[in-house]
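Below is one structure; the comments refer to it alone.
The values are calculated or read from the model by the stated rules, or taken from the named source; none is laboratory data. Values in this document were obtained by computation on a predicted structure and should not be read as measured data. Side chains included, ligands, DNA and RNA excluded: accessible areas come from the protein's heavy atoms. Shrake-Rupley method; radii C 1.70, N 1.55, O 1.52, S 1.80 Å.
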Amino acid sequence: MKSYRLILAAVCLIQLMGCQTDKSRSFLPGTFINSAGGEFSKADDTLAVQACEGNIFLIHRRTGFNLIKNGKAGKRHYEREEWKALYDEGTKSLTELKKGKLITIYPDSGYLLIGKRKYIKK
């Protein structure tokens, strides 16, 4: 009878551990935006993050920017990039695989940081 209870308790504990979710990881899929501007340019970035296999995430980056000359914004230019990033379960962050950019995740505040750039989840 004691071994039955012990086995039952172990099964319940394993099920509870399996139900815990990684808040940072589950926050990642979605769209994040950043807008920045200065004396010489104005830019808008969009990151579309999607989960792939295992700890790999695919990030589609779309940027639109205007160069500013003599106080006037020029023609809108567009760029696209695709990044692969590895999620680190220990640090709860992403590392972009090609250039090694660190992407810090703040699920409770609703944003990501890449360097000093803050991307807010839509």
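Leaving out ligands, DNA and RNA, and with a 1.4 Å probe, what % of the accessible surface on segment 39-122 is carbon or sulfur? Could you put the intermediate results ahead of the total?
Values: 2950 of 5730 Å².
Roughly 51 percent, rounded to a whole number.
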* **Paired Rg and Dmax values of segment 62-122, which use every Cα atom, in angstrom** => 15.2, 49
* Straight distance only, please: which lysines reach the Cα of Lys84 with their own Cα at less than 24 Å, same-chain residues fewer than 8 apart left out? => Lys23, Lys92, Lys98, Lys99, Lys101, Lys116, Lys118, Lys121, Lys122
